[in-house]
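Peer 1: Dropping the structure in here first, questions after.
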Amino acid sequence: MNTSPFRRHTGTLSLLALILMTLVVSGCSGEEENWNGKDISGLMPGLEFELTDSQGRSVTAEQFDGKVRLLFFGFTSCPDVCPTALQKLNQATEGLPPGLQDDVLTLFVSVDPERDSPERLAAYVNFFGEGIIGLTGKEPQLRELAKRYRTTFGYEQPDENGNYAVSHSSAVYVFDREGKARLLIRPDLGVNEIRQDLIALAKADT
């Protein structure tokens, strides 16, 4: 049975489209990084803030340019999430190759400025090791920074002793040397997985 020219033409175009689509997909997949964390490139704004460090000095994001930076929101009275995350991040960065250890910095932003004085913040981050900078600020500054990265935090009612819990995100945002948002580290990632991502990102920017 003869096939009409129209059907032959349509079939040829469909086959060509399929081949082109396969080539495009193959080409794109070859350029993708196999990150353990979630790739947020182009989905989040660059690193930008003006806060106070644990020495009481005003600092900006630009002062840490040239390093891969990990941004984490928390507070020093946090019973579990913060110490677990900071310990894991410190283990990941301490295990970096010697040439890259000074190229990765963790920025711990306290969203509890009422209790987290510079002295208390300094003692807290120093406990978890080197390469961690404690930061905080006025509540409006912190609200604006959290909103910038599509998260939030809140204060629960104080108990009879004035103690209160603070709700906050457990995610860690990773920025490259230029301050571009690149990865989101989830709490379930292991130390080795985090370290692999940091090595790849640090080497990619050298």
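Peer 1: Is one or more of the residues making up the range 101-117 within 15 Å of VAL174 (Cβ to Cβ), among the small types (Gly, Ala, Ser) and either touching a Cys at 6+ places or on another chain (Cβ under 8 Å) or not in a loop (DSSP other than H, G, I, E, B) (or both)? Please lay out each step first, then the result.
Peer 2: The initial filter retains those residues of the range 101-117 that are within 15 Å of VAL174 (Cβ to Cβ), namely 103-109.
So of that shortlist, the ones also among the small types (Gly, Ala, Ser) come out as none.
Checked the range 101-117: no residue is within 15 Å of VAL174 (Cβ to Cβ), among the small types (Gly, Ala, Ser) and either touching a Cys at 6+ places or on another chain (Cβ under 8 Å) or not in a loop (DSSP other than H, G, I, E, B) (or both).
Peer 1: Let me ask something else. Just to be sure I understand, how many residues within the range 46-61 are open to solvent by 80 Å² or more (accessible area, probe 1.4 Å) and either of a type in the set (S, T, N, Q) or touching a residue at least 12 places away in the same chain (Cβ under 8 Å) (or both)?
Peer 2: Taking the range 46-61 as the starting set, the residues that turn out to be open to solvent by 80 Å² or more (accessible area, probe 1.4 Å) are 48, 50, 55, 57.
Now restrict to residues that are either of a type in the set (S, T, N, Q) or touching a residue at least 12 places away in the same chain (Cβ under 8 Å) (or both): 48, 50, 55.
Residues in the range 46-61 being open to solvent by 80 Å² or more (accessible area, probe 1.4 Å) and either of a type in the set (S, T, N, Q) or touching a residue at least 12 places away in the same chain (Cβ under 8 Å) (or both): 3 in total.
Peer 1: In addition: Suppose the filter is in a strand (DSSP E or B), of a type outside the set (Asp, Glu), more than 18 Å from VAL59 (Cβ to Cβ) and within 20 Å of the chain's Cα centre (by Cα); does LEU183 pass it? Outline the logic, then answer.
Peer 2: Details: in a strand (DSSP E or B): yes; of a type outside the set (Asp, Glu): yes; more than 18 Å from VAL59 (Cβ to Cβ): yes; within 20 Å of the chain's Cα centre (by Cα): yes.
Answer is yes for this residue.
Peer 1: Run down PRO158, PRO98 and say which single residue is more than 17 Å from PHE49 (Cβ to Cβ), outside any helix (DSSP H, G or I), modelled with pLDDT under 95 and open to solvent by 80 Å² or more (accessible area, probe 1.4 Å). Please lay out each step first, then the result.
Peer 2: Details: PRO158 fails: open to solvent by 80 Å² or more (accessible area, probe 1.4 Å).
That would be PRO98, the only listed residue that is more than 17 Å from PHE49 (Cβ to Cβ), outside any helix (DSSP H, G or I), modelled with pLDDT under 95 and open to solvent by 80 Å² or more (accessible area, probe 1.4 Å).
Peer 1: If VAL166 satisfies all but one of (1) open to solvent by 20 Å² or more (accessible area, probe 1.4 Å); (2) under 26 Å from GLY37 (Cα atoms); (3) at pLDDT 95 or above; (4) more than 18 Å from the chain's Cα centre (by Cα), what's the number of the condition it fails?
Peer 2: Condition (1) is where VAL166 drops out.
Peer 1: Please indicate, with yes or no, whether at least one residue in the range 118-126 is under 19 Å from the mean Cα position of the chain (by Cα) and part of a strand (DSSP E or B).
Peer 2: From the range 118-126, those under 19 Å from the mean Cα position of the chain (by Cα) are 125; that's our starting set.
Okay, now just the ones that are also part of a strand (DSSP E or B), so none.
Among the residues of the range 118-126, not one is under 19 Å from the mean Cα position of the chain (by Cα) and part of a strand (DSSP E or B), which makes the answer no.
Peer 1: Another question about this same structure. If you scan the range 75-100, which residues turn out to be out of contact with any Pro (no Cβ under 9 Å at 6 or more places or on another chain), within 17 Å of VAL172 (Cβ to Cβ) and among the small types (Gly, Ala, Ser)?
Peer 2: Matches in the range 75-100: ALA92, GLY95.
Peer 1: Filter the range 183-206 down to the residues that are farther than 23 Å from THR151 by Cβ and basic (Lys, Arg), then identify the one that is most open to solvent (accessible area, probe 1.4 Å).
Peer 2: My answer is LYS203.
Peer 1: If you don't mind, another one. Within the range 104-150, track down each residue that is modelled with pLDDT of 95 or more, open to solvent by 30 Å² or more (accessible area, probe 1.4 Å) and within 19 Å of LEU89 (Cβ to Cβ).
Peer 2: ALA123, TYR124, ASN126, PHE127, ILE133
Peer 1: Mind listing whichever residues of the range 161-180 are assigned to a loop (DSSP other than H, G, I, E, B), among the hydrophobic types (A, V, I, L, M, F, W, C) and over 19 Å from GLN91 (Cβ atoms)?
Peer 2: Within the range 161-180, ALA165 is the sole residue that qualifies.
The values are calculated or read from the model by the stated rules, or taken from the named source; none is laboratory data. Quick caveat, the model's predicted, so the values are computed rather than measured. FYI the Cβ positions are ideal-geometry reconstructions off the backbone, even for glycines, and counts take in every protein chain you see. Heads up: the accessible areas ignore ligands, DNA and RNA and are worked out on the full protein's heavy atoms, side chains in. Shrake-Rupley method; radii C 1.70, N 1.55, O 1.52, S 1.80 Å.
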